[in-house]
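Each remark here refers to the structure printed beneath this line.
The values are calculated or read from the model by the stated rules, or taken from the named source; none is laboratory data. Source: prediction; values computed, not measured. Methodologically, a virtual Cβ is constructed for each residue, glycine included, from the backbone with ideal geometry; neighbour enumeration extends over all protein chains shown.
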Amino acid sequence: MTVRTEIKDGVALVTLDRPERHNAIDLATAAELAEIWRAFRHDDTVRAVVLTGAGGRAFCTGVDRSVDVPQPSSPYSLDDPLLRIGPKANDLWKPVIAAVEGMACGGAFYLLGEAEFLVAAENATFFDPHTTYGMVSAYESVFMAQRMPYGEAARLALMGTAERLGAARAYRIGLVSELTAPGAAAEVALRRAAVLADRPTGAVQGTVRALWAANETARAQALAHAPQLIALGNLPPDRQAALFAARKRDGGQQGGRDGGPSGHPLVR
């Protein structure tokens, strides 16, 4: 098992448990997440959820680089294992709070984009390395553009590994709703989730659905363009691999396909 779940007093704590890989998501982890969200739909003992990552160094660093996902030749379709890892993608409308410690990058935005709000430790950092490695940031950019001012989302997506959005800045622009001391994000998020779990379930879930509906049409239309943008804009896999290898030789440290700390990034 690469995802741990604990349920207490109406609150489920879901923990990505691959700290040795900076909680990067392989195919087994993606399948586990989807299964967990679907199970919560039918579990009336779960009324709110906190999602976090084990180890303290990373919330999640996207898709594990060891994952091999064969793709169809058509530019109009894309097999993306992350498309089903979020709660909303699995029709779960119970509130989810993301508790972020350390790095949250690239494919982590699929999860952050489907959380109701984020609680982050002061040492949390957010970045999107796609353009550095010749990949289009499509789904990630759509999710972040709905959580952040356009200019902030554009800077994060376009500058690749040169940009690190620090927790304080993320809080000021509204991506993060609450800051905590390092190591305390999950504890604080659990306290907030306990409040949500204490509210009438139907009212809470209806409100989650209403909030989501406010952006759903624009989001769905934007996501429909993602497969073609990725197919047309991504470098061939061998050239992507060469960029990863070169950056690693230069001192970069990748936790998953979507990167880790490297070089001397711009931190805000």
Does the range 68-78 contain any residue that is farther than 22 Å from Ala120 by Cβ, modelled with pLDDT under 95 and buried (at least 18 other Cβ atoms within 10 Å of the Cβ)?
-> yes
For the range 205-212, does any single residue satisfy the condition of being surrounded by 13 or more Cβ atoms within 10 Å (Cβ to Cβ), more than 17 Å from Ala115 (Cα to Cα) and not aromatic (Phe, Trp, Tyr)?
-> no
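Within the range 179-199, count every residue that is among the acidic types (Asp, Glu) and outside any helix (DSSP H, G or I). Steps first, answer last, please.
At the first step, the residues of the range 179-199 found to be among the acidic types (Asp, Glu) are 187, 198.
From the residues that got through so far, the ones that are outside any helix (DSSP H, G or I) too are none.
Of the residues in that region, 0 qualify.
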Test each condition in (1) without any contact (Cβ under 8 Å) to a residue 60 or more places away in the chain; (2) among the hydrophobic types (A, V, I, L, M, F, W, C); (3) part of a loop (DSSP other than H, G, I, E, B) for Val176 and report the one that comes out false.
-> (1)
Options Leu223, Leu235: the member that is surrounded by fewer than 19 Cβ atoms within 10 Å (Cβ to Cβ) and part of a loop (DSSP other than H, G, I, E, B) = Leu235
Any chance Ala203 is part of a helix (DSSP H, G or I) and modelled with pLDDT under 95 = no
Of all residues making up the range 117-131, the number that are crowded, with 22+ Cβ neighbours inside 10 Å, in contact with a strand residue (DSSP E or B) (Cβ under 7 Å, 6 or more places away or on another chain) and either in a helix (DSSP H, G or I) or among the acidic types (Asp, Glu) (or both) = 1
Working carefully through the options Ala39, Ala24, find the one that is of a type outside the set (Lys, Arg) and within 21 Å of Gly102 (Cα to Cα).
-> Ala24
Any residue at all in the range 22-43 that is within 19 Å of Arg209 (Cα to Cα), in contact with a strand residue (DSSP E or B) (Cβ under 6 Å, 6 or more places away or on another chain) and among the small types (Gly, Ala, Ser)?
-> no
Under 9 Å by Cβ, and 6 or more places apart or on different chains, what pairs join a residue from the range 81-97 that is over 23 Å from Ala185 (Cβ atoms) and among the acidic types (Asp, Glu) with one that is at pLDDT 95 or above and assigned to a helix (DSSP H, G or I)?
-> Asp91/Trp37; Asp91/Arg38; Asp91/Arg41
